[in-house]
Each structure stands twice: as structure tokens, then as C-alpha cells.
Amino acid sequence: MANYKAKELPPLPEQADLSGKGKDRPPVARPLVLPRQSPKYQATADEMRRQLGQLQEQNKTLCQSLRASDEENIMLRKQITAYKQYIEKQDSGLAEVIKAICSAFQGYRETVVEVTKQATMSEEIAQCEREAAGRLFPPQL
């Protein structure tokens with residue numbers, strides 16, 4: 001078994017008293033809680049009530065502003081949706097117009113090519129006929 005020596009405790013401070021009676025101490029300069037009747041308490045309570053009123057009014061104003069912002073947000077979202085649908089309709093309409101223009105141009109080009117071919121062939125045939133006629137019937141002088 002270990003042999004432990006009892007340690008000595010440090011001496012108590014001068015004002016410490018373990019008997020529970022306590023030494024004469026000076027009274028506390030101010031109480032920890034202000035009594036309700038004191039003017040300082042009343043001023044503090046009035047100030048707190050005033051601040052509470054201001055905060056409630058500020059809260060009311062902010063709630064109204066938030067509601068107005070929410071309503072505006074809803075309205076703007078509806079407008080955005082309407083504009084989006086309008087633009088999509090315009091895009092599809094524009095695509096149809098471009099498709100019609102391209103189709104018309106393709107038809108025009110095919111017609112021009114065909115007419116040009118026919119005109120060229122007719123001109124060549126006429127030229128050949130003139131040449132053949134000139135050989136068969138030489139010009140008379």
C-alpha cells in the first residue's frame with residue numbers, strides 16, 4: 001500500500017471566513033436589479049417600449065414591402081411567361097416564312113433553269129435549222 005502524505009492547503013485569504021457569519025463588508029454600491037419604482041428603471045422601460053414600438057412599426061412596413069414585392073414578382077413572372085410564348089410563336093412564324101421563301105426561291109430557280117434550258121435548246125435548234133436551210137437552199141445572187 002502506498003503511503004500518501006496529506007498535503008497542506010494554502011492559507012485562506014484575509015477576508016475569507018468559513019464560519020458563515022462573514023466579516024463586515026461594505027454594502028454593494030448599486031443593486032444588481034433596478035427596483036421598478038426607480039426613475040432609471042422607468043426610463044429604461046420607457047425606452048424599451050419606444051424601441052419595441054419602432055421595431056413593430058418597422059416590421060409592419062417591411063412586411064407590407066415584402067407583400068408588394070411578392071405581388072410584383074408574380075406579375076413580372078406572368079409577363080415573362082407571356083413574352084416567352086409570344087417570342088416562341090414569332091420564332092415559329094418566322095421559321096415558316098423563311099421556309100416558304102426558300103421553297104419559293106427553289107421553285108423560281110428550277111423554273112428559270114428549265115426556261116433557260118428550253119430557250120437555249122430552242123435557239124440552238126433554230127440556229128441548226130438556219131444553217132441547214134442555208135446549205136440546202138444557198139442564197140441567190
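Just so you know, all these numbers are worked out from the coordinates, no wet-lab data involved. The structure presented is a predicted model; accordingly, all values stated were derived computationally and were not measured. Every residue, glycine among them, receives a Cβ derived from its backbone with ideal geometry; neighbour counts consider all protein chains shown.
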Spin-label model distance (nm) - residue 125 vs residue 43, 7 Å beyond Cα toward Cβ: 12.0 nm
Pairwise FRET efficiency - residue 102 versus residue 79, Cβ, R0 = 41 Å, nearest 0.05: 0.75
